[in-house]
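The numbers here are math on the coordinates, done by the rules we state, and not lab data. Source: prediction; values computed, not measured. A quick note on method: Cβ atoms are made from the backbone with ideal geometry, for glycine too, and the neighbour counts reach across all protein chains shown.
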Amino acid sequence: MIELEGTRWLLPQAEDMAGSIRQQVRLLAPFDPIVWDRRRFALFWGWDYRLEAYTPPEKRQFGYYALPVLWADQVIGWANLKQNAGRLDAQLGHAQTIKRQANFEQALGVELERFARFLELEGVGKVEMA
């Protein structure tokens, strides 16, 4: 159980928060249960995320279809992905300054390759990090 600002959140009994997930990066869909409850998201990770597909371009903060970036047990920012000449390009932004562990870039590369395979692209192209 986790308690934040007077609200209790239950974790599955078998959940191992210190397990192998610590070495993984995951790009989350805006409609993932971790993300869609905006109040809970802000309570857990200290920043406001919202899907901006219907927001006018000049008012967007994250991007048209930005995907939250989960690193270990923290959602540290967002990624905008584009297909470019058969490859997956990624532009990442960070919501907060955190100490990235040395293997973050490697784990990010694994996740981007996974996305590229799913989309049947040739691989990963340009990756920009803010």
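Summing +1 for each Lys or Arg and -1 for each Asp or Glu, what net charge is found among the other residues whose Cβ lies under 14 Å from the Cβ of LEU88? Provide the component values of the computation, followed by the final result.
Details: positive: LYS82, ARG87, ARG114, ARG117, LYS126; negative: ASP89, GLU111, GLU113, GLU120, GLU122, GLU128.
Result for the neighbourhood of LEU88: -1.
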In nanometres, what is the gap between the two model label sites at ASP37 and GLN83, each 7 Å from Cα along Cα-to-Cβ?
3.4
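Fewest first, what order do THR55, THR7 take by the number of other Cβ atoms within 10 Å? Walk me through the intermediate numbers first.
Details: THR55 14, THR7 10.
Taking fewest neighbouring Cβ atoms as first place, the list is THR7, THR55.
Counting other Cβ atoms within 10 Å of each Cβ, which chymotrypsin sites (Phe, Trp or Tyr not before Pro) in segment 39-78 have at most 11 and sit in a DSSP loop?
Those satisfying the criteria are TYR54.
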On full extension of the chain, what length is gained from LEU119 through TYR54, given 0.36 nm per residue of separation minus the C-alpha to C-alpha distance?
21.0 nm
